[in-house]
Amino acid sequence: MRIGIFPGSFDPLTNGHLDIIRRANRLFDKLIVAVAKNSTKVGLFTINERINILETCCSDIKGSIEFVSFDGLLVDYCKKNNVSSIVRGLRSVADFEYEKSIDSVNRKLYPGIDTVFLMAREENMAISSKIIKEVASCHGDLSSLVPQFVQNQIKEKFSGK
Ligand code: ADP
């Protein structure tokens, strides 16, 4: 069974992430979408909230998708869970430069792993979770950037509910 993993912070999930999840789902028997726990960064959403958002927004996707969180090294998680491929999205040359070194280190740490890169769709190339948070903090229109459910969750966050 071919198992792929799509790791990220997903804080919050964007249209760009969602597109990569849909496309990666077609490539593997099972896709794990893994929310990285980063103890040094406080997110807008908690890890459980991010997983809940992912589950809700991906509920229409057919196929075997699992949503998890992990800490520590991604390659250790891959070894333990028989994951053969890491999926990453590429938006720009900057992403490429960053991903190149991560891929090289990952394969040194665990030669059994490979990374599959999927190009961002043109309409999603400028979308990042960081930009979403900036637009959201100024109450900007997020309708072409994130799913409706994420828009609602962001509204709740910023209204302090
Ligand atoms: P971000 O960079 O938006 O904060 P993450 O750290 O959660 O997102 O990134 C997880 C993965 O999703 C990375 O491989 C990243 O390149 C990919 N990704 C993020 N945004 C997009 C997008 N708009 N289109 C395609 N892939 C994306």
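Some values worked out for this structure:
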read-out: Flag if SER64 is over 17 Å from the mean Cα position of the chain (by Cα) and surrounded by fewer than 15 Cβ atoms within 10 Å (Cβ to Cβ); value: no
read-out: Considering residues of region 34-51 that are of a type in the set (D, E, K, R) and without any contact (Cβ under 8 Å) to a residue 40 or more places away in the chain only, the residue farthest from PHE6 (Cα to Cα); value: LYS41
read-out: Single residue of VAL146, VAL135 found to be in contact with a Pro (Cβ under 7 Å, 6 or more places away or on another chain) and either within 22 Å of LEU90 (Cβ to Cβ) or not in a loop (DSSP other than H, G, I, E, B) (or both); value: VAL146
read-out: Residue among LEU54, LEU73, LEU31 that is farther than 20 Å from VAL150 by Cα, free of Cβ contacts under 8 Å to residues at least 60 places away in the same chain and touching a Phe, Trp or Tyr at 6+ places or on another chain (Cβ under 8 Å); value: LEU31
read-out: Residue in region 32-40 that is within 12 Å of the ligand (Cβ to nearest atom), surrounded by 20 or more Cβ atoms within 10 Å (Cβ to Cβ) and within 15 Å of VAL116 (Cβ to Cβ) present; value: yes
read-out: Lone unmet requirement of (1) surrounded by 17 or more Cβ atoms within 10 Å (Cβ to Cβ); (2) at positive phi for ASN82; value: (1)
read-out: SER104 vs. criteria outside any loop (DSSP other than H, G, I, E, B), surrounded by fewer than 13 Cβ atoms within 10 Å (Cβ to Cβ) and not aliphatic (A, V, I, L, M); value: yes
read-out: Residue among ASP60, ASP19 that is of a type outside the set (Val, Ile, Thr), under 23 Å from GLU123 (Cβ atoms) and in contact with a helix residue (DSSP H, G or I) (Cβ under 7 Å, 6 or more places away or on another chain); value: ASP19
read-out: Per-region count, region 57-70, residues in contact (Cβ under 8 Å) with a residue 40 or more places away in the chain and in a strand (DSSP E or B); value: 2
read-out: Residues of region 87-138 classified as more than 9 Å from the ligand (Cβ to nearest atom) and of a type in the set (Val, Ile, Thr), total; value: 7
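Each row is one residue, and each column tells you yes or no for (1) assigned to a loop (DSSP other than H, G, I, E, B); (2) modelled with pLDDT under 95.
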| site | (1), (2) |
| --- | --- |
| PHE6 | no, no |
| LEU18 | no, no |
| ILE21 | no, no |
| ALA24 | no, no |
| LEU27 | yes, no |
| LEU31 | no, no |
| ALA34 | no, no |
| THR40 | yes, yes |
| GLY43 | yes, yes |
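The values are calculated or read from the model by the stated rules, or taken from the named source; none is laboratory data. Note that the coordinates shown come from a computational prediction; the quantities given were computed from them, not determined experimentally. Every residue, glycine as well, gets a Cβ built from its backbone with ideal geometry; the counts of neighbours run over all protein chains shown.
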